[in-house]
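To keep things clear, I will list the structure first and then write my remarks on it.
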Amino acid sequence: MKSNKRNNIHLTDVVKMRQTPAFATMVKPVGATCNLDCGYCYYKDKAGLYPAARMMMSDEVLRLYIEQYLGSVSQPVVTFCWHGGEPLLAGLDFFRRAMMYQQRYCGDKKIENTLQTNGLLVDDEWCRFFKENNFLVGISLDGPREIHDAYRRDRGGAPTFDKVMAAVELMQKHGVEYNILATVNKASEGRGKEVYRFLRSVGNFIQFLPVTENVQASHGAREAIVSPDEESGREAAWSVSAAAFGQFMCDVFDEWVVSDVGRCYVQLFDITLANWCGVAPSLCAFCETCGDAPVVEHNGDVYSCDHFVYPEYCLGNIKERTLVEMYSSEEHRAFGRDKREALPMECKRCTYNFLCRGECPKHRFDEAKNGEPYKNRLCEGYKMFFRHSDLYMRHMKTLLEKGRPPMEVIDFARQRRNF
């Protein structure tokens with residue numbers, strides 16, 4: 001998604017350019033290699049970028065990445081986000097070496113590690129490692145058995161729900177801190193309260209990730225996922241509709257606001273409240289510009305974003321160009337500005353622009369009313385949720401301004417709903 005207004009630089013852009021670099025990275029130690037074959041996976045096709053290579057990060061690249069990352073950023077707390085594919089396929093020895101290099105190069109910086117896993121390889125030994133090294137583990141779980149197994153199957157086509165739940169039990173047994181990442185897809189439609197009630201019983205921090213992609217026919221058996229720039233793309237069959245996504249989040253909110261505020265954390269609700277309060281949101285999709293979380297592939301290639309791992313967005317390789325050089329480059333800065341500059345005027349004039357900022361550019365498949373490209377396909381769903389939660393978000397904002405906890409909104413919500 002590239003805007004033709006790349007030279008429209010704002011004061012905030014200038015300030016950011018003059019600051020000492022502060023950014024996060026997402027690192028893919030085994031690239032797109034995975035032991036699952038999820039029907040909606042947006043990363044599976046990336047294996048085609050490296051057809052002749054074994055997707056495993058070498059010790060040379062691992063050491064260089066950690067040295068560069070810790071030496072590049074200014075923030076006192078540096079977070080490593082291990083992702084995939086399935087990062088546990090790299091093996092425990094790989095991650096033990098990573099911990100060794102982190103300690104070698106951290107200086108006076110504090111290090112945090114997060115890791116996203118499908119859970120199939122989690123065992124007692126992994127859990128001991130996570131606990132000893134204070135990992136925050138994201139576990140992918142889409143909901144109850146029927147919903148989870150609709151698309152999350154292994155490479156032999158077998159369901160995975162039981163194995164994921166076993167991984168959760170092991171992490172609970174060892175005291176490993178974990179969050180839940182749940183996609184909202186076609187199988188989730190109309191089942192928001194059911195999904196939320198189940199996930200709430202499993203963990204107290206939930207990220208709902210809407211799944212909507214464009215695909216086109218490929219040489220293989222599976223249709224290839226394509227970016228919003230590809231005009232021949234069409235909506236994938238497993239995509240959630242805008243209306244269904246909006247209703248899903250409204251249904252979850254209705255359950256949450258009368259009982260779980262301050263006890264269970266739903267990322268979209270936290271982000272929406274942050275934007276209401278003028279606080280920078282924790283997720284780039286809801287920021288005005290993007291580009292603060294480049295992705296490092298297994299061979300050291302760096303891309304501006306995990307969702308735009310296409311050749312035209314490759315910034316270089318850490319063996320030839322440092323992370324800070326790539327992050328500070330004009331092509332990466334322009335990528336970040338494109339999120340704002342490519343936004344249709346209809347969106348810029350929208351009442352809720354301050355809450356969504358057009359959301360993630362990877363979802364901008366539609367046209368605005370005047371024919372401008374790059375309108376978010378989920379726009380109407382987000383509007384539905386923002387309208388639905390408006391009164392309660394305002395109330396929580398007022399509570400915070402008075403130095404009171406947002407959870408007091410529960411009584412307000414119950415009174416309004418005769419709960």
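The values are calculated or read from the model by the stated rules, or taken from the named source; none is laboratory data. Since the model is a prediction, treat every value here as computed from it, not as a measurement. Cβ atoms come from the backbone with ideal geometry, glycine included; neighbour counts cover every protein chain shown. Heads up: the accessible areas ignore ligands, DNA and RNA and are worked out on the full protein's heavy atoms, side chains in. Shrake-Rupley method; radii C 1.70, N 1.55, O 1.52, S 1.80 Å.
Couple of notes before you dig in:
- Hits in the range 221-249 (condition: outside any loop (DSSP other than H, G, I, E, B) and charged (D, E, K, R)): R234, E235
- You will find that of H307, H298, H332, the residue that is within 25 Å of V266 (Cα to Cα) and in contact (Cβ under 8 Å) with a residue 40 or more places away in the chain is H307 and no other.
- Selection of the range 361-377 for residues being open to solvent by 30 Å² or more (accessible area, probe 1.4 Å), assigned to a loop (DSSP other than H, G, I, E, B) and at negative phi yields F365, E367, K369, N370, E372, P373, R377.
- If you go through the range 207-243 and pick out every residue that is more than 20 Å from the chain's Cα centre (by Cα), among the hydrophobic types (A, V, I, L, M, F, W, C) and within 28 Å of Y196 (Cα to Cα), you end up with 2.
- Residue selected from the range 37-57 under the condition closer than 12 Å to H298 by Cα and touching a residue at least 24 places away in the same chain (Cβ under 8 Å), by the criterion farthest from the chain's Cα centre (by Cα): A53
- Flag if N204 is more than 26 Å from E235 (Cβ to Cβ) and in contact (Cβ under 8 Å) with a residue 60 or more places away in the chain: yes
- All of G381, G358, G336 fail the test of being open to solvent by less than 30 Å² (accessible area, probe 1.4 Å) and modelled with pLDDT under 95, apart from G336.
- Applying the condition of being touching a Ser or Thr at 6+ places or on another chain (Cβ under 9 Å), assigned to a helix (DSSP H, G or I) and farther than 16 Å from N113 by Cβ to the range 49-79 and asking which residue is modelled with the highest pLDDT yields Q68.
- Any hit, the range 80-92, residues being farther than 13 Å from V27 by Cβ, open to solvent by less than 60 Å² (accessible area, probe 1.4 Å), of a type in the set (A, V, I, L, M, F, W, C) and part of a loop (DSSP other than H, G, I, E, B): no
- Among the residues listed as E169, E177, E146, the single one being under 27 Å from H363 (Cβ atoms) and not basic (K, R): E146
- Per-region count, the range 99-134, residues open to solvent by 60 Å² or more (accessible area, probe 1.4 Å), closer than 23 Å to H174 by Cα and out of contact with any strand residue (DSSP E or B) (no Cβ under 8 Å at 6 or more places or on another chain): 7
- The numbered conditions (1) open to solvent by 40 Å² or more (accessible area, probe 1.4 Å); (2) within 16 Å of the chain's Cα centre (by Cα); (3) modelled with pLDDT of 95 or more are all true for F269 except (1).
- Checking G358, G371 one by one, the residue that is within 22 Å of the chain's Cα centre (by Cα) and not charged (D, E, K, R) is G358 and no other.
- Within the range 135-220, helices (runs of 4 or more DSSP H) holding 1 or more residues that are among the aliphatic types (A, V, I, L, M), open to solvent by 20 Å² or more (accessible area, probe 1.4 Å) and farther than 19 Å from Q247 by Cα: 145-151, 161-174
- Among the residues of the range 293-333, those that are open to solvent by 60 Å² or more (accessible area, probe 1.4 Å) and part of a loop (DSSP other than H, G, I, E, B) comprise K319, E320, R321.
- Members of the range 71-95 found to be of a type outside the set (D, E) and closer than 18 Å to N35 by Cβ, listed by number: W82, H83, G84, G85, P87, L88, L89, A90, G91, L92, F94, F95
- Residue within the range 389-408 that is under 20 Å from the mean Cα position of the chain (by Cα) and surrounded by fewer than 17 Cβ atoms within 10 Å (Cβ to Cβ) present: no
- Test for G358: is it among the small types (G, A, S) and assigned to a loop (DSSP other than H, G, I, E, B): yes
- Restricting V261, V252 to residues that are among the β-branched types (V, I, T), under 20 Å from R414 (Cβ atoms), touching a residue at least 24 places away in the same chain (Cβ under 8 Å) and part of a loop (DSSP other than H, G, I, E, B) narrows the list to V261.
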